[in-house]
1. Looking at 227, 277 in this structure, which one is under 26 Å from residue 93 (Cα atoms), under 25 Å from the mean Cα position of the chain (by Cα) and modelled with pLDDT under 95?
2. So which of 110, 83 is in contact (Cβ under 8 Å) with a residue 24 or more places away in the chain and surrounded by fewer than 18 Cβ atoms within 10 Å (Cβ to Cβ)?
3. Looking at 259, 252, can you tell me which residue is touching a helix residue (DSSP H, G or I) at 6+ places or on another chain (Cβ under 8 Å), under 22 Å from residue 205 (Cβ atoms), at pLDDT 95 or above and not aromatic (Phe, Trp, Tyr)?
4. Can you work out which of the residues in segment 96-106 that are in a helix (DSSP H, G or I) and within 19 Å of the chain's Cα centre (by Cα) is surrounded by the most Cβ atoms within 10 Å (Cβ to Cβ)?
5. Restricting attention to segment 54-76, report how many residues are touching a helix residue (DSSP H, G or I) at 6+ places or on another chain (Cβ under 9 Å), more than 20 Å from residue 203 (Cα to Cα) and touching a residue at least 60 places away in the same chain (Cβ under 8 Å).
6. Please indicate, with yes or no, whether at least one residue in segment 212-221 is at pLDDT below 90, exposed (fewer than 15 other Cβ atoms within 10 Å of the Cβ), outside the structural domain of residue 26 (by TED's automatic domain parsing) and β-branched (Val, Ile, Thr).
7. Looking only at segment 157-194, which residues are more than 27 Å from residue 92 (Cβ to Cβ), in a helix (DSSP H, G or I) and of a type outside the set (Ser, Thr, Tyr)?
Amino acid sequence: MSPVDERGATRQAERNFGTDQPAVGRVAAGLAGIRRLGVACAGGVDSTTLLALAVTADSPSYPERHRDMAVRVARDFGLQHEFIATTELARPAYRANGPDRCFHCKDELFSTIDDEVRERYRLDGIAYGENADDVRRPDRPGALAATRHGVLRPLADAGLDKSAVRRVAGVLGLPCAAKPAAPCLASRIPHHEPVTREKLAQVEAAERALRALGFTDCRVRHHGDVARVELATGEIARAAGELREQVHHAVVAAGFRFVAVDLAGIQSGAFTLPLVAVARD
């Protein structure tokens, strides 16, 4: 798939997407008239499903495996792909790591796309992979940055939630269709604790080592010397039992002194959602 035109979008909508067919049609209709679309792609299932021209941020907050996935998808589907260097770590507001950190990250990304990519490829629009589930969450300040930059959100506008996006990705044969959600590495650091390149590298190394042990999904929350490991609930017993020593060694080798396995399992928005709830009260 090369940069889409209206006919290409229509052909995608004509595939057999089952019960998701009407929503897929709305995505195509929403992109009508946009002949060259750039998609901000981190290698996840949402943005990959939209892909036309893949634009991936080369940032320490994105794991290397995300960048590898974006490259693989672009190669397999014949897409143009470009890495752009973003410098969110140079922004004091981003490093301060308040609940609005994601806004400053996305603002950096979309500003860089506007400055370096849009004109070069004569793009008619930029889109990103916000879905209908994301719209309902109160902890996504990056959406404000998208609005300010006029970035399109075709999946959300068409009413496609995460489950529907995965089904559509499966029909399209995308390798990330069943890939677990994977927020950026900075989301592992408690708010108001500074984001640093070193902390991001520790988290990435620890999570890479845990995946090498066979854990399908994980988050390593950075609490100074302590790594709080979140795993799928069905894998906690194995981490605390037969693989206890390997888990401890893997995480300590990444630079932590202590390792704790969180019995609550994976917790999306673990640091941001409690702050948003307090603010609303």
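The values are calculated or read from the model by the stated rules, or taken from the named source; none is laboratory data. Small disclaimer: the values here were computed from a predicted structure and weren't measured. Don't worry about glycine lacking a Cβ; one is built from the backbone with ideal geometry, like all the others, and counts go over all protein chains shown.
1. Answer to the check: 277.
2. Within the list 110, 83, the selection yields 83.
3. None of the other options fit; the residue is 259.
4. Start the filter on segment 96-106 by keeping residues that are in a helix (DSSP H, G or I), which leaves 96, 101-106.
Checking the rest, the ones that are also within 19 Å of the chain's Cα centre (by Cα) come to 101-106.
Working: 101: 27, 102: 22, 103: 20, 104: 21, 105: 25, 106: 25.
By that ranking, first place goes to 101.
5. Within segment 54-76, residues that are touching a helix residue (DSSP H, G or I) at 6+ places or on another chain (Cβ under 9 Å), more than 20 Å from residue 203 (Cα to Cα) and touching a residue at least 60 places away in the same chain (Cβ under 8 Å) number 2.
6. yes
7. First, pick out the residues of segment 157-194 that are more than 27 Å from residue 92 (Cβ to Cβ): 157-181.
Applying the additional criterion that residues be in a helix (DSSP H, G or I) yields 157, 162-172.
Of everything in segment 157-194, those that are more than 27 Å from residue 92 (Cβ to Cβ), in a helix (DSSP H, G or I) and of a type outside the set (Ser, Thr, Tyr) turn out to be 157, 162, 164, 165, 166, 167, 168, 169, 170, 171, 172.
One line per residue, one yes/no per condition, for (1) surrounded by 17 or more Cβ atoms within 10 Å (Cβ to Cβ); (2) modelled with pLDDT under 85; (3) in contact with a strand residue (DSSP E or B) (Cβ under 6 Å, 6 or more places away or on another chain); (4) not assigned by TED's automatic domain parsing to the domain that holds residue 194:
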residue	(1), (2), (3), (4)
44	yes, yes, no, yes
70	yes, yes, yes, yes
88	yes, no, no, yes
118	yes, no, no, yes
